[in-house]
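Visitor: Please read through the structure below; I'll follow up with questions.
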Amino acid sequence: MAIRAIRGATTAAANTKEEIFASTQEMFLQIINDNNIAVDDIAGIIFTVTPDLTAAFPAAAVRRMSISDIPLLDMAAPDIDNALPMCIRVMVYINTDKGNSELVHAYLRGASVLRPDIGRRGKISVAIDGPAGAGKSSVAKRAAARLGYIYIDTGAMYRTVGVYGIENGIDPVNERGRLVSELDNIHIDISYENGVQRMYLNGADVTERIRENDASMAASAVAAIPEVRERLVNMQRGMAKKGGVIMDGRDIGTTVLPDAELKIYLTASVENRAVRRYREYLENGVECDFNEIKEDVITRDYNDMHRAVSPLRQAEDAVLVDTSDMDFEQSAETVIDMIRKAEVNG
Ligand code: DC
């Protein structure tokens, strides 16, 4: 462990307590999240403010976030001609095993111009595709929480349409026409509660229901219907419009977000994916046969890669990440690192 320092800077939109607090807290949270810092690891924090900010102390903004045991100090920045106005700078001292080159600094809002070489420029759109069981959703969820992105699970949308079929007695394989003619009756709403994506079908919460096995099978069948895809793809593009999303699925890099700044094709060997699923079942006390699970993985791969519309394939500009020899933490850190680098280059 060594004491190291992380730099940040931001600007306040106005010389008011609210704006100074909002900018300071945003910068502080980003430093904490980006560097995966526990509050106990912080040794001390020093802020400076330019002379045009007089309405509040930035340290008070951090103090208000239940940070009570850490030494905090506000200082006046020198009054320099043509300096960036209404600027709050910070130095966060932490105890860490990381080297200086591994630390992520935060230059936000108007202060992003100060150090274009370091820090995060702004959020981008990230597409993560790959076969079932490669760990896309857990990795995407972790990366979104760490970096402050919205995670969009597109598989959940196909699952929701699948559940509509089940509940209304429509066989998505043999009664495609019927399902398509009822598409206007299928209203899907998505909300985010504590970072969890909740799915609503015509007002009813189906978040847990869509994870059941019959919903997986139905999702796979409805995902092969072009009219269903067209509708869901339009919804997905709408959701990604503002950027700052990590979207996972099968066709995100190829069809939904062809202009995403970062495309990742996350995969692992059939054997590895089957072992992971097998362990998951065992941990949940579900009896199962390894060979059956492996056959299931092979069948799902085949279906996803060979359907006529938007089959699963790696986009030409996607980066391949094979997690066969990585555990979850390593896979997540690899992807988080790639997103940070893409933000800087993006
Ligand atoms: O990732 P998942 O298991 O929740 O996906 C459910 C089904 O939906 C799966 O069979 C593949 C399909 N799917 C798709 O075709 N396109 C997407 N973008 C996401 C999922």
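Visitor: Does Ala219 satisfy the criteria of being hydrophobic (A, V, I, L, M, F, W, C), under 20 Å from Asp129 (Cα atoms) and assigned to a helix (DSSP H, G or I)? Write out each step before concluding.
Guide: Values: hydrophobic (A, V, I, L, M, F, W, C): yes; under 20 Å from Asp129 (Cα atoms): yes; assigned to a helix (DSSP H, G or I): yes.
When the stated conditions are applied, Ala219 passes them.
Visitor: How many residues, within region 174-192, are over 14 Å from Glu227 (Cα atoms) and either surrounded by 14 or more Cβ atoms within 10 Å (Cβ to Cβ) or of a type in the set (Phe, Trp, Tyr) (or both)?
Guide: 3
Visitor: Right, something else. Only residues that are within 16 Å of the ligand (Cβ to nearest atom) and hydrophobic (A, V, I, L, M, F, W, C): list them for region 280-318, please.
Guide: Ile293, Val297, Ile298, Met305, Ala308, Val309, Leu312, Ala315, Ala318, listed by residue number.
Visitor: Now a separate question. So is Glu280 surrounded by 13 or more Cβ atoms within 10 Å (Cβ to Cβ), at pLDDT below 90 and touching a Gly at 6+ places or on another chain (Cβ under 8 Å) or not?
Guide: Against the criterion (surrounded by 13 or more Cβ atoms within 10 Å (Cβ to Cβ), at pLDDT below 90 and touching a Gly at 6+ places or on another chain (Cβ under 8 Å)), Glu280 does not qualify.
Visitor: Here is a check on your reading of the model: is Val163 at pLDDT 95 or above, within 21 Å of Arg250 (Cα to Cα) and not aromatic (Phe, Trp, Tyr)? Break it down stepwise before answering.
Guide: On the way: at pLDDT 95 or above: yes; within 21 Å of Arg250 (Cα to Cα): yes; not aromatic (Phe, Trp, Tyr): yes.
Answer is yes for this residue.
Visitor: Let me ask you something else. For region 181-216: of the residues being among the small types (Gly, Ala, Ser) and outside any loop (DSSP other than H, G, I, E, B), which is farthest from the ligand (Cβ to nearest atom)? Break it down stepwise before answering.
Guide: At the first step, the residues of region 181-216 found to be among the small types (Gly, Ala, Ser) are 181, 191, 195, 203-204, 215-216.
With the extra rule that they be outside any loop (DSSP other than H, G, I, E, B), the set shrinks to 181, 191, 204, 215-216.
Working: Ser181: 21, Ser191: 18, Ala204: 19, Ala215: 9, Ser216: 6 Å.
Only one residue tops the list, namely Ser181.
Visitor: A follow-up question, please. How many residues are touching a Gly at 6+ places or on another chain (Cβ under 7 Å) and either among the small types (Gly, Ala, Ser) or exposed (fewer than 12 other Cβ atoms within 10 Å of the Cβ) (or both) if we restrict to region 31-81?
Guide: Residues flagged as touching a Gly at 6+ places or on another chain (Cβ under 7 Å) and either among the small types (Gly, Ala, Ser) or exposed (fewer than 12 other Cβ atoms within 10 Å of the Cβ) (or both) within region 31-81 amount to 1.
Results for (1) outside any helix (DSSP H, G or I); (2) among the basic types (Lys, Arg), shown as yes or no for each residue.
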{"site": "Arg273", "(1), (2)": "no, yes"}
{"site": "Arg277", "(1), (2)": "no, yes"}
{"site": "Glu280", "(1), (2)": "no, no"}
{"site": "Val286", "(1), (2)": "yes, no"}
{"site": "Ile298", "(1), (2)": "no, no"}
{"site": "Ala332", "(1), (2)": "no, no"}
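Visitor: I need a count of the residues in region 236-274 that are surrounded by fewer than 16 Cβ atoms within 10 Å (Cβ to Cβ) and of a type in the set (Ser, Thr, Tyr).
Guide: 1
Visitor: Next up: Any idea how many residues of region 125-166 are among the basic types (Lys, Arg) and more than 8 Å from the ligand (Cβ to nearest atom)?
Guide: Initial filter on region 125-166 (among the basic types (Lys, Arg)): 136, 141-142, 146, 159.
Those left that are additionally more than 8 Å from the ligand (Cβ to nearest atom): 141-142, 146.
So the count comes out to 3.
Visitor: Tell me which residues, restricted to region 247-266, are under 16 Å from Arg146 (Cβ atoms) and away from the ligand (no atom under 13 Å from the Cβ).
Guide: Residues of region 247-266 under 16 Å from Arg146 (Cβ atoms): 248, 262, 264.
Correct list: Leu262, Ile264.
Visitor: For Ala218, indicate whether it is under 22 Å from Val256 (Cα atoms) and small (Gly, Ala, Ser). Write out each step before concluding.
Guide: Values: under 22 Å from Val256 (Cα atoms): yes; small (Gly, Ala, Ser): yes.
Taking the combined requirement at face value, the residue satisfies it.
Visitor: Continuing with this model, one more query. Could you go through region 105-113 and let me know if any residue there is among the basic types (Lys, Arg), farther than 30 Å from Met305 by Cβ and in contact (Cβ under 8 Å) with a residue 24 or more places away in the chain. Don't jump to the end; show me each part of the working.
Guide: Step one: of region 105-113, the residues among the basic types (Lys, Arg) are 109.
Adding the requirement that they be farther than 30 Å from Met305 by Cβ leaves 109.
Subset that is in contact (Cβ under 8 Å) with a residue 24 or more places away in the chain: 109.
Yes, region 105-113 contains at least one residue that is among the basic types (Lys, Arg), farther than 30 Å from Met305 by Cβ and in contact (Cβ under 8 Å) with a residue 24 or more places away in the chain.
Visitor: Please go through region 283-313 and give me each residue that is surrounded by fewer than 17 Cβ atoms within 10 Å (Cβ to Cβ) and under 23 Å from the mean Cα position of the chain (by Cα), ordered by number.
Guide: Of everything in region 283-313, just one residue is surrounded by fewer than 17 Cβ atoms within 10 Å (Cβ to Cβ) and under 23 Å from the mean Cα position of the chain (by Cα), namely Arg313.
Visitor: Collect the residues in region 222-250 that are over 15 Å from Tyr164 (Cβ atoms) and outside any helix (DSSP H, G or I), keeping them in residue-number order.
Guide: Of everything in region 222-250, those that are over 15 Å from Tyr164 (Cβ atoms) and outside any helix (DSSP H, G or I) turn out to be Ala224, Lys241, Lys242, Gly243, Gly244, Val245, Ile246, Met247, Asp248, Gly249, Arg250.
Visitor: Quick check on Leu201: is it modelled with pLDDT of 95 or more, over 24 Å from Leu257 (Cβ atoms) and crowded, with 17+ Cβ neighbours inside 10 Å?
Guide: Working: modelled with pLDDT of 95 or more: yes; over 24 Å from Leu257 (Cβ atoms): yes; crowded, with 17+ Cβ neighbours inside 10 Å: yes.
In short, yes.
Visitor: Taking region 143-158 as the region of interest, how many residues are assigned to a strand (DSSP E or B) and of a type in the set (A, V, I, L, M, F, W, C)? Walk me through how you get there before you give the answer.
Guide: Taking region 143-158 as the starting set, the residues that turn out to be assigned to a strand (DSSP E or B) are 150-153.
From what's left, of a type in the set (A, V, I, L, M, F, W, C): 150, 152.
Final tally of qualifying residues: 2.
The values are calculated or read from the model by the stated rules, or taken from the named source; none is laboratory data. Everything numeric here is computed off the predicted structure, so don't read it as measured data. Here the Cβ is made from the backbone with ideal geometry for all residues, glycine too, and neighbour counts use every protein chain on show.
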